[in-house]
1. Of these, L322, L284, which one is on the phi > 0 side of the Ramachandran plot, aliphatic (A, V, I, L, M) and under 18 Å from the mean Cα position of the chain (by Cα)?
2. When you scan segment 183-229, how many residues do you find that are free of Cβ contacts under 8 Å to residues at least 12 places away in the same chain, over 16 Å from Y172 (Cα atoms) and in a loop (DSSP other than H, G, I, E, B)?
3. Does any residue of segment 305-324 turn out to be out of contact with any Gly (no Cβ under 9 Å at 6 or more places or on another chain) and crowded, with 16+ Cβ neighbours inside 10 Å?
4. Are any residues in segment 120-150 polar (S, T, N, Q), part of a helix (DSSP H, G or I) and out of contact with any Ser or Thr (no Cβ under 9 Å at 6 or more places or on another chain), and if so, which ones?
5. Give the residues of segment 364-402 that are in a loop (DSSP other than H, G, I, E, B) and of a type in the set (S, T, N, Q), sorted by residue number.
6. So which strands (runs of 3 or more DSSP E) are wholly in segment 271-343 and hold at least 3 residues that are of a type in the set (V, I, T)?
7. So which of L318, L332 is in the same structural domain as V68 (by TED's automatic domain parsing), farther than 21 Å from G62 by Cβ and either aliphatic (A, V, I, L, M) or free of Cβ contacts under 8 Å to residues at least 24 places away in the same chain (or both)?
Amino acid sequence: MRILFLDLDTLRPDHLGCYDYHRNTSPNIDSVAAQGVRFENCYCSDAPCLPSRAALMTGRFGIHTGIVGHGGTAADMRIEGGSRGFRDKLAYESLPGTLRAAGFKTVSISPFAFRHSAWWFHAGFSEMHDTGKGGVESAEEVTPTALRWIRQNARADNWFLHVNYWDPHTPYRAPAEFGNPFEKDPLPQSLTPEKLARDRRLVGPHGARELNMYDNATHDKYPRQPGELKDMDDLRRLIDGYDCGVRHMDGHIGQLFAALREAGVFGDLAILISSDHGENMGELGIYAEHATADQPTCRVPMIIRWPGSRKGHVDAGLHYQLDLAPTLGELLGCPQRTSWDGQSYAASLAEGREVGRPYLVLSQCAHTCQRSVRFGDWLYVRTYHDFYHLFPKEMVFDLKADPYEERNLAHDRPDLCKEGAYRLLEWHDQMMASMPHAVDPLWTVMKDGGPYHSRGWLKKYCAYLEETGRAWAIPELRRRHPEEKWD
């Protein structure tokens with residue numbers, strides 16, 4: 001058997017045609033969805049990049065792996081300690097390790113391990129290719145390595161090839177010669193002049209007036225990404241930049257498919273398509289960043305074309321991305337690992353049976369510190385560190401009626417706050433009881449001084465707020481963040 005896993009960084013599912021996007025961003029990805037199963041409600045358990053891929057590769061929540069942030073203690077995988085054998089458990093219990101133990105040649109084409117010093121990411125891979133730019137690669141710098149491997153190895157049996165593209169990640173980088181196929185297409189309906197005007201009055205990194213996180217600086221190398229959204233032309237430039245990245249990447253995916261067809265192996269190839277996280281595009285006042293534990297940051301595409309599985313099926317159940325390891329394990333007859341937090345949804349692929357979870361808990365500790373609960377049509381968000389956005393402690397959104405999170409219902413629906421908080425507590429008790437550690441890494445982040453991307457910036461950012469007429473927010477920021485060095 002042969003398996004291709006396309007790991008497409010920062011890809012919002014609702015910017016793909018197969019998820020009903022109005023722009024033609026993804027014809028090659030859409031073709032796979034038509035031949036397989038598309039999961040409507042799949043989420044990374046822990047955002048963004050580093051904690052998400054730690055969860056994906058281990059099949060475990062960040063509260064268990066210890067990786068919930070991008071720096072400090074909570075960016076390192078917890079060691080096994082005294083129970084460690086000659087090899088650690090990741091060698092055979094990680095997603096690639098499970099496949100390798102089942103007889104697959106496991107290959108990764110990705111700069112991810114170097115980007116985050118996440119050397120555990122290589123565990124279980126028998127062959128690794130670092131594309132060399134630490135995540136600022138453009139697709140044309142990744143595809144040659146993938147094509148070379150396919151041409152040399154595709155006809156062999158039992159391989160698992162992981163290919164990691166980065167084009168939808170900031171800075172948006174589609175080459176100038178790619179042009180802009182979307183210049184005449186309308187923007188998403190949620191992005192209006194009225195919304196932009198409201199968002200320009202808000203504060204917080206990666207807001208409409210500080211796309212460069214804490215200021216509006218731009219970079220000549222990346223003309224598709226503005227530093228500030230002054231008007232709708234700037235907003236169009238940003239959205240078009242993201243969508244061009246998706247379409248440019250999709251074209252390169254098409255090149256891989258063509259090479260696999262030429263090798264005569266595409267017909268019975270298993271194809272997995274997903275992402276580490278999504279991207280906020282105005283939700284919660286954040287643009288071009290994955291900084292929260294909400295719907296646009298944590299919802300990811302999950303598309304699986306598996307030999308013998310259903311075709312064109314849509315699964316609406318609630319799933320974690322970390323459910324992939326046990327799902328592949330069941331499909332391949334591998335042992336289910338007791339260390340996995342994931343639950344197999346193989347029955348959905350084979351039979352179309354709903355096997356989703358009753359609720360999901362989503363975490364973010366790299367920019368904000370938040371945990372949220374997705375249950376029914378609702379999203380309950382609890383904030384521990386606000387990333388200087390002045391978020392309230394609790395937020396509730398009706399994702400069916402308000403998918404872009406414009407109306408916080410927490411004040412009007414205390415019953416939903418109580419239900420969300422109860423489910424969060426229930427999950428937390430289960431997590432703490434099922435591990436040998438006595439510390440929740442979210443609180444490690446908080447005691448370390450807050451999320452990595454928030455530390456040490458507030459004094460400088462407040463000077464920028466004064467320059468841009470938003471000094472009204474500074475007293476409240478000082479009150480909320482006494483840990484910052486203000487003098």
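1. Result: L284 is the single residue among L322, L284 that is on the phi > 0 side of the Ramachandran plot, aliphatic (A, V, I, L, M) and under 18 Å from the mean Cα position of the chain (by Cα).
2. Residues meeting the conditions: 3.
3. Taking every residue of segment 305-324 in turn, none turns out to be out of contact with any Gly (no Cβ under 9 Å at 6 or more places or on another chain) and crowded, with 16+ Cβ neighbours inside 10 Å.
4. Passing the criteria: only T143.
5. Selection gives T368 alone.
6. Fully inside segment 271-343 and qualifying: 299-305.
7. Criteria check complete, one pass: L332.
Here's the yes/no breakdown for (1) charged (D, E, K, R); (2) within 17 Å of D276 (Cβ to Cβ):
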| residue | (1), (2) |
| --- | --- |
| T73 | no, no |
| D76 | yes, no |
| G85 | no, no |
| R115 | yes, yes |
| W119 | no, no |
| G135 | no, yes |
| E141 | yes, no |
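The values are calculated or read from the model by the stated rules, or taken from the named source; none is laboratory data. Everything numeric here is computed off the predicted structure, so don't read it as measured data. Ideal geometry is used to build each Cβ from the backbone, glycine not excepted, and the neighbour counts take in all protein chains shown.
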